[in-house]
1. Would you mind calculating the relative contact order of chain A from Cα pairs under 8 angstrom and at least 6 residues apart, reporting the percent as a whole number?
2. Normalise the Cα radius of gyration of the protein assembly as shown by 2.2 N^0.38 Å (N = residues in it) and let me know the number.
3. Determine the shielding of peptide A:157-170 by partner chains: average, over its residues, the number of Cβ atoms on other chains within 10 angstrom of each Cβ.
4. Determine the gain in length on full extension of the stretch residue A:77-residue A:505; use 0.36 nm per residue of separation and subtract their C-alpha separation, reporting nm with one decimal.
5. Quick check on the protein assembly as shown: of the DSSP beta bridges with both residues there, what percent are antiparallel, nearest 5%?
6. Helix B:83-93 versus the longest principal axis of chain B: what is the Cα-based angle in degrees, 0 to 90, to the nearest 10?
7. What is the fewest-to-most order of A:705, B:173 by other Cβ atoms lying within 10 Å of their Cβ?
8. Output the Cα-based Rg and Dmax of the stretch A:703-809 in Å, rounding Rg to one decimal and Dmax to a whole number.
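Only the coordinates and a few stated rules stand behind these numbers; no lab work does. What you see is a predicted model; the values in this text were computed from it and never measured. A quick note on method: Cβ atoms are made from the backbone with ideal geometry, for glycine too, and the neighbour counts reach across all protein chains shown.
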């Protein structure tokens, strides 16, 4: 059983007990524990179930590579699934639950998968099984898979924590605060670079304090302490712990994932902070990860990485078992045996798969009285929910059992793999190191920046330099190189001398024993989380999945939340063997950020709640809010769709607004319309190119409606242009077009017509704009001004500067409703005041603010087009019968040449007409008019479609506009518009102007 | 009923580890022209008492400020009720030149974040992709940048304060961003 030892635990403060619960069980740990060490101290070996077979799973590692021990952490609005216990710091009151089991962790019915069906769930099972027959997918397979899919549960409540981003800039960013990272940061810092050193754990120093050796004759911890205090004293060096280098991107962009308050969840401040860092050079001192060995039963709780067994003893004073069998193919695991022995625990045997055995550490182990068997391995592990013993075999054989040994833990080591993830994220290449049996960064092929030079340097164990002395020298070199590359030439100091026992050569062992039979291979796990076994990868190879990327997806190897940190190298070695090719030929799968999962909330940062998205508000927004606005998003703006009175339906509100506007007086907040000043001696010439009609002939004081097309001839915006003076125009755009049309203007001015004397300025937000609309609009305004705005004083399509109730205003007499109408433009900061004043002044006329729907209906009644309704990016002005707005006199305008192309000039293009249902109902939006026959796809032929359709309160019937084949020539014809329910609506082709065709209402 | 001009948030404030306040209405003029020309230099001098600022800088004084916005654009800042006069000065000085001077005072909202220099810098570094480290961003510098999801411009009138200009329509969003950025417990401890 696993338990807390009387001594040891260098990271613990045993005087401070912390209570926590696991599956409702109240347990105790101490300050400094990880959740993993605290669970193990309480003999909680079984922590979860595997994904596919629901096999019992125990903790296998001590760091971020842990594949098994994932829990649902916290409750309610602090619940988060899939949290690794090995990287979760224990805090008082922590609650967690295990995952992927039913009904309980101890008794899981899903486990029958493993007992009965394991042989039926090989690689590619889902692809093979569920593809036929098709109908079964929807009704049988999918519900079944959905029920069993997914590790952990999604949170049900809104996350109560806050998250933020932080932008930072450094010459050199060092990722990893082990001895190599510390030394590299020191070297770069001494040379004068501005350095950030980040470490994902709360503690600095990495593995060195556990693994021993000496640095400059001292204990590694002494070096760590001294270097830390030296770095802290350097003003150009920043140290951040609990911060993981999550990803490396183009141009030295690094994501740092800082877990600010995970370890103190009641503290104020953000839970996570995502650092978005620009670095000149990046040093990855990310260490190495130990590989498991592939033997039968290597997934049974109690089988653990040798380094993890050592970590738990040294760092947390926790033993995994009383009797631990060590199995290895390299010298490093001997350290574990020695550590265990020194802690007073038993090591019945060290099984060294190498026939030649180990070096100095092996001698040391033997001296300590530990039995060492060379050329031996594990045939199988005995036990179910925990290790009960091992059967020993010859590594060279097929698994014949030589001896059985009782034990309650197995410490395995298949060698070490440098953590090359961050090196690889942005394209750094790897080389296969035959001697060390590992992929390590190829220094010749670093990720390159804008100069073509590398911007990532791997250092220490992450660079394949495992020996303590080599790692420190390598780190010093990396720090110096990074400083130099960022232009810092100060004295970088020297690497300290590191000494540790020399290791004998590793011998690659990808399968144990090397000739393991199929029964053993089916129980030798590669990917613990996703249940991928040696036999699965071999099957994939036999079935033709030769590319490592294909084999990965077919078997799901390395696709779990741990992204194969333990399984990838072993898996591709098995694949290579099955394909009969060398490992480097097979290659690795792609390393993608983040290194380990980061919270989605940290990515969202402040984009949540009232800062989820900027909502643009006009100066009158609050009034609208207070007066029943039913909002409609228009771009980033919120505009009132209509203003509902208490108890009134949306439809009734719209009808009331339209009737009252047509009968008397309406008010519209038109502030969102784009307003762009275009000024200069060439402004007229410029606008003649931008608009299809002639703008240069417009007189100061007058307005003209214009259409704007893109180069391809398609209509993209429309609006009223006012000429302010000889040199200056004000162009109104649609609400959504304000920014894009301004950019469109600048693009042409800056790239094509750079020598034209024109300046533009987007003044959309400078003005609050209010439409005063209806027969009583003039009378209302006249109450507030002494200026002449009579029919003669301000004629239709004219504008004038006046004073309205003491506010300087520009009045445009334009109409989008067909009514007598004025658009009043005042400084935004006085918009609300004027609005209030107009509401007051219009009271006697029953003034009625109306929203966008009223605006739309009234313009449709008048047959005016709307960008986005009548246009969809494929419509040209000629389709809309707007030839009157296309100048024949101009030599050129944007879109002219395109509109002359054959397809654009084709008489068969659908054209705009009005549509009137024969029964007065409203046509469905987007409905198609059908024609005889079917097309090549067997679909009914069509001859037109609805672009705008409304109920018109003014006419008390449905009105619509649409694009119809030869429409204008077919007045009076009735078309069939089928509805989704199979019935047909009949509509007659009519003139698109449904109301006041002669414009009598606006010309008063 | 008053019809006086009102800024977007009417002077809203919030206190965290730094103080955020909307600073009301300010006179702002977009001036586009040839920044190297003697006449533009003269117009800027007469309008604000300042020289044309160099790339990404701002020149400030008692009678106004002027900031570099782009190779052919300046932002002239004066008191809100002085804008018409200043515009007239610019117009007359540049008469006959090709230029554009337009009042944008009402199109903007302005905020001030003040407190310890470190706190102010950290708050901004949470929102803008700008190196806010001392020595990298200092009084006299001016940056058009992005603040979370909106465009903004920032400068430091002194070492303990940052001014922010954004569009008026997103004033509330900006205020809320700053409110969260200065929330207690969110100190990063990087610049202190």
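1. On the way: 2420 pairs, mean separation 90.0, N = 1004.
Relative contact order comes out at 9 percent.
2. On the way: Rg = 37.1 Å, N = 1196, 2.2 N^0.38 = 32.5 Å.
Normalised Cα radius of gyration, the protein assembly as shown: 1.14.
3. Shielding by partners across A:157-170 averages 4.
4. 148.9 nm
5. Percent antiparallel among DSSP bridges in the protein assembly as shown is about 80.
6. 40 degrees
7. Fewest-to-most ranking of A:705, B:173: A:705, B:173.
8. 16.8, 49
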